[in-house]
Amino acid sequence: MPKKWRTKICNCPDIKPHEYDFKTHIWRSKTFLSMGLPLVFHMPLGIGGVIEGALNEVKKRGYVFDESRHMLIQKDGLFWGAIMVEVDNPNIEDKELVKIENAELISKSHIGQFNTIINSFKDLETYVKRRGKKIEAVYFWYTTCPRCTPNWNKYKTVIFAQVI
């Protein structure tokens, strides 16, 4: 990688595959503000604007958000999903809050283009099945923003499979 690309231009975490490949995570209590997200064949449409809009909505509602924490995309279907921003100090009355409590998740990192993420998902799916578990939900943590992606020439994503 050229030296000029090694400078940090944003707050995106620099994930290391070994920290996420086939690792088990227990989420005791996480709260997310969940907002609808248009997808095109499972891929987020205009992700940069969506992230910016989601962060503005978090601020507007007065929630605390730490950029080093999770912002997830939940894929519900071919054309619709949700962006979920982890928040502190949630308003219990907010109907757009999603709580994930006492959940077991298994992760797999993907570093590459979006069109090859299916291969990493299939690897994760195979691993989960071998462990005798079943996938209940899938979340994608895109750890590179539109500003830093051109510098890396690839996307860094962590796939979380919530298992039962």
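The residue that is surrounded by the most Cβ atoms within 10 Å (Cβ to Cβ), among those in the range 61-71 that are modelled with pLDDT under 85 and in a loop (DSSP other than H, G, I, E, B), is HIS70. Residues in the range 39-60 that are part of a helix (DSSP H, G or I) and closer than 20 Å to THR149 by Cα: 9 in all.
Among the residues of the range 85-94, is there at least one that is closer than 20 Å to VAL40 by Cα, out of contact with any Cys (no Cβ under 7 Å at 6 or more places or on another chain), buried (at least 18 other Cβ atoms within 10 Å of the Cβ) and not small (Gly, Ala, Ser)? Checked the range 85-94: no residue is closer than 20 Å to VAL40 by Cα, out of contact with any Cys (no Cβ under 7 Å at 6 or more places or on another chain), buried (at least 18 other Cβ atoms within 10 Å of the Cβ) and not small (Gly, Ala, Ser). Being touching a Pro at 6+ places or on another chain (Cβ under 9 Å) and within 25 Å of PHE65 (Cα to Cα), is that true of even one residue in the range 88-107? Yes, some residue in the range 88-107 is touching a Pro at 6+ places or on another chain (Cβ under 9 Å) and within 25 Å of PHE65 (Cα to Cα).
So which residues in the range 99-125 are hydrophobic (A, V, I, L, M, F, W, C) and loosely packed, with under 14 Cβ neighbours inside 10 Å, if there are any at all?
Across the range 99-125, the qualifying residue is only ILE118.
Is it true that GLY132 is touching a strand residue (DSSP E or B) at 6+ places or on another chain (Cβ under 8 Å) and over 16 Å from ILE26 (Cα atoms)? No. Restricting to the range 72-123, and then to whatever is part of a strand (DSSP E or B) and more than 30 Å from GLY62 (Cα to Cα), can you tell me which residue is modelled with the lowest pLDDT? So the residue we want is GLY112.
Looking only at residues in the range 114-134 that are under 16 Å from the mean Cα position of the chain (by Cα) and of a type outside the set (Gly, Ala, Ser), which one is farthest from GLU52 (Cα to Cα)?
LEU124
The condition (being modelled with pLDDT under 95, under 15 Å from the mean Cα position of the chain (by Cα) and among the polar types (S, T, N, Q)) is satisfied by just one residue among THR143, THR149: THR143. Exactly one residue out of ASP94, ASP123 is of a type in the set (D, E, K, R) and more than 25 Å from MET35 (Cβ to Cβ): that is ASP123.
The values are calculated or read from the model by the stated rules, or taken from the named source; none is laboratory data. None of the values given here were measured: they were computed from a predicted structure. Because the Cβ atoms are built from the backbone with ideal geometry, glycine has one as well, and the counts that use them run over all protein chains shown.
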